[in-house]
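> Handing you a structure now.
The values are calculated or read from the model by the stated rules, or taken from the named source; none is laboratory data. Note that this is a predicted model, so its numbers are computed, not measured. Quick reminder, even Gly has a Cβ in these numbers, built from the backbone with ideal geometry, and neighbours come from all protein chains shown. Heads up: the accessible areas ignore ligands, DNA and RNA and are worked out on the full protein's heavy atoms, side chains in. Shrake-Rupley method; radii C 1.70, N 1.55, O 1.52, S 1.80 Å.
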Amino acid sequence: MKTARLRDRVAASDPGLLRLAAGLRTVGAIALSLAVLGLLGADIRHLVAGAMTAMVATFAIREKQRSSQAVTLALGLPVALASVSLGALLSSRVVAGDLFFVVLIFSAVYGRRFGDRGTALGLIGFQVYFVSLFVGATVSGLPTLYGVLGIAFLCSAAARFLLVPETPAGLLQRLRDAFRARLAQLVSAQLELLDAGPDGIDEALADVREGTARLHETALMIQGRLEEGTSDAAGARLVQRRVADAEIAAERLGLLLLSARSAERADTLTLHLPGAPAPRAGRMPGREEATATVRRDLEALRLLVLRPPSGSLGTALSQIRNRLLGYREEENVPAAPPAVQDVFRGIGEAARAVLGLRIALDGPQDDPDDSPATARSREELDAEDAVIDAGEEAGAQEEPTGLGRPTTRAAVQVAVGSSLAIVGGEFLSSQRWYWAVLTCWIVFINTASTGEILVKGYRRLLGTVLGVLAGIVLAGLVGQHTWTAFALVLVLVFAMFYTAPLSYTLMSFFVTAALGLLYTLLHTYSLSVLLLRVEETALGAACGVIAAALVLPVRTDRRTNDLLVTVLDRLGEVTEAAVDQLSGGSPVDLLDQARDLDQALADLRAATQPLTHPITPLRARRDTARYVVALLETCAYHARSLAATAELLPTHPSITADPRLRRAGRRIGHNIAAIAAHAADEHSAEEIETGPSIASLLETEVPGTPRFGRVTDRVLRHVQRLDETLVGLARPLGVPVAAPKR
C-alpha cells in the first residue's frame, strides 16, 4: 500500500516521469563515457570533453520515435566532428573564428524551422564548438578528440536505447498513470474543500484550483503523445475523449461543491483566477447526514480512481461503483437541498467518466455485479465508442516567409546579439569571452518576444550568481579529487535536468555550480574566474535583450494580442460547432477543435508570463493579464462542456437537439468575433451585444411547447455562463458594449 501511494505521488509530481527519465538518461550517458574513457587512460581534458559531449548528444534529441532518434544521433556525430575541427583550426585566428561562430549561431537557430531534427543538429553543432573552446582543442590533438567524441556518442546511444529506454507507448502509459494520480489528488483537495472551516476555505480553494490546473496540464501532455503511443487513430481518439470527459467532470464537481458551500451559485471564474477569494462560505445546507454522505461518496470516488479493476477489494469495489453511478438516475439521488443534490449528480457523472476512462485504457470489463444503472452507463459508453472514428486531418496552414518567419527573425536577432557579446566579451576576457555568447544564445531558446527574453535573461543571471557562490564552496571542498568532483558533477547534472521544466533559475544554478567543479578539474579555478562568469553572463543577457528590442523586435503585447486572437478564433470554432450540433446540425469533429483551443490557450498563458512575473513594475497590467487569462480559461471550460454534451447526441436517443439553441449561439458568436476584431485592431468599431438572458431567447410563442428540452436543460447553464463571461472579457480589453436592444 505504501509503495503504491509513493508511486502515485511520484507519478503526479512528474507526469510520465519525463524529468526523472531525462535526468537519469543524461547522467547515465555521462557516467558511461567517464567509465570508458577512464579505463582507456584519458586525461582530465578529454574526460571533461567526453562528459560534456555525452550530455549534449543526449539532451539535444527531442524526437518521439526511437527510429528518428537513432537517425538524428547518427547525423549528430559528423556534425560534432566538423564543429570541433573548425573550433581547433580557428582557435588561433581570432577574426575568422569569431565570424564563423556568428555564422554557426545563425545556422543553429535557423535550423529550428526544420523541426526537431534541425533543432537537435544545430544545438549539437553549437555546443560542441563551445566544448572545443572550453577544453582548448588544438589541431594536433584532433585525432584523440575524435575518438573521445565517438565514445561519447556511443555512450549516449547506449543510455538512450539500453540503460533508460523510452517507447511512445510506455511514456503514454506513464502519463495515464499520472492523470489518474492527479485526478485522485484533485478529489482529495475537493474533500478538504468540503470540510474546510471559514478560516481555511481560501487555502482549500487554492488547492482545488492548483489541482484542476495540474490535471489539465497532464491532459494536454497526453493529447500530445496519443498519435505515437497508440496503435491506431480510433484508439487515440477514444482515449482523448475519455480524458476530456474525466477532466470536465472533475472540474464541474469542484464547482458544484463550492456552490453548495456558498450562499449563492459559485462563479466558474473562481476556479481559474489565482488568488480569487472564495465566495461567502457556510456549512452545506441540510442535515449533517447529507454532508456525511457527500464525504463518504467523495472518498469512494477517490478509491474508484486509484483502484485497478482487479483490486483486492473484490465485490466491494463493484458495490461502490454501482452506488455512485446510481446517482445518475433521479430516483437514486438522496433527499437533500437542491445544491447538495447537484453534488451527488456531479459525483455520479465523475464516476461515469472514471468508468469510461478505465474501459478506454484497459478494455471492456463486464462485471456480473453490475447494477441496472451501471449496466446502462456501460451501454452508453459502448455506443459512444462505436461512433468514434479517426476523423480528417486538419488542413495545412499558410506559413510566413522571409523575415516574417519566427526562426529566421530569431536567427538574425541572435546573430546580432552574439556579435555584440563577442566584442564585449573580448574586452572582459580574451580567453573566456564565449560565456557571454553562450548566455546570449540560451536566452533566445524557446522564446518568442522581447519580454520573454528579458525574463529569461534575468533568471539566468540570478541562477548564475547563486551558482557561483555554490561553486566556490564545492570547489574548496573537493580540491583536486578528480572522481569525487565528477560524482558531484553527475549529481548537479541530474538536478539540472530534473528541475529545468520547473525553474529556469534553479537550472542555471546547477549548471554554474557544475562548471565551477569542471574548472577545478582543469586547474583553472579561481575566484576571479567565477566572478568573470557572472560578468560574462550579465553581458550576454544584456546583448540578447538589446538585439531582441532593436532588431526585428516582437513586443510582448503584440505577441499576446496575436495569440489572443488565435484563442478567440478557436473558441468561436468550438462554440459554433457545438451549438450547431446541439441545435440539430450535422456532427463534426469537436475533439480536435477542443484540443486546438486548449493548446492555443496554453501558448497564450506561456506568452503572458513576462506580464505576470513578480518583478514586473506594471502591477495593474499584471493583474489585467491574469484576469483575462482566467476569463478565457472559464470560456474554454464551458466550450469543452458544450462540445462533450454535443458528442452525446448521436448515441443517446433519450437526448434530443433543440433548434432554439441556434438563436442563442448567434449572439455568442458575434461577441467572440467582436473581441477578436478589437484584439487584432484596437480601432475596430465592433461592439459587444447584450440583451435578454439566454434562457429568454429560447422562449417560444407556440402554445403547449415545452419550455426546455432535456439537452437544453443540460447545456443552458454553460451557454449562459459563456455569454456572461464574454461580456466580462470585453471590459479589461476595452471593447465597447452596445446598449441592450429593446
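> Go through Leu454, Val36, Thr58 and say which Cα lies farthest out towards the positive end of the charge dipole of the chain; charges sit on Cβ, +1 for Lys and Arg, -1 for Asp and Glu.
Going by the charge dipole, the pick is Val36.
> For Ala549 paired with Leu75, estimate the spin-label separation in nm (one decimal), with each label point 7 Å from Cα along the Cα-to-Cβ line.
My value for the distance between the label points is 3.8 nm.
> Could you tell me, in Å, what Rg and Dmax come out for the Cα atoms of the chain?
28.7, 97
> Considering the Cα positions of the range 480-539, please state its Rg to one decimal place and its Dmax as a whole number of Å.
Every Cα atom of the range 480-539 included, Rg and Dmax give 12.2, 33 Å.
> Right, another one. Over all alpha-carbon pairs of the range 441-525, lay out the pair-distance distribution in 5 Å bins, whole %, shortest bin first.
Final binned percentages: 3, 17, 23, 21, 15, 11, 6, 3, 1.
> Please report, in cubic angstrom per residue, the volume enclosed by the convex hull of the alpha-carbon atoms of the range 166-209. Intermediate results must be reported in sequence, preceding the final value.
On the way: hull volume 2.2 nm³, N = 44.
Here the figure is 51 Å³ per residue.
> Per residue, how big is the convex hull around the C-alpha atoms of the range 146-269? Give it to me in cubic angstrom, could you?
Convex hull volume per residue, Cα atoms: 148 Å³.
> Let me ask something else. Kirkwood Rh over alpha-carbon pairs of the range 490-607, then Stokes-Einstein at 20 °C and 1.002 mPa s: what D in µm² s⁻¹, rounded to an integer?
On the way: Rh = 18.8 Å.
Estimated via Stokes-Einstein, D reaches 114 µm²/s.
> Translational D (Stokes-Einstein, µm²/s) of the range 1-150 at 25 °C and 0.890 mPa s when Rh comes from the Kirkwood sum over C-alpha pairs?
For the chosen part, D equals 146 µm²/s.
> What is the spread of the Cα atoms of the range 185-237 along each of their three principal axes, largest first, in whole Å?
In descending order, the Cα extents are 50, 13, 11 Å.
> I would also like to ask the following. Solvent-accessible area of Tyr146, probe 1.4 Å, all protein chains present, reported in Å² to the nearest ten, please.
90
> Pop the C-beta distance of Glu426 and Arg113 into the FRET formula with R0 = 30 Å and round what comes out to the nearest 0.05.
0.45
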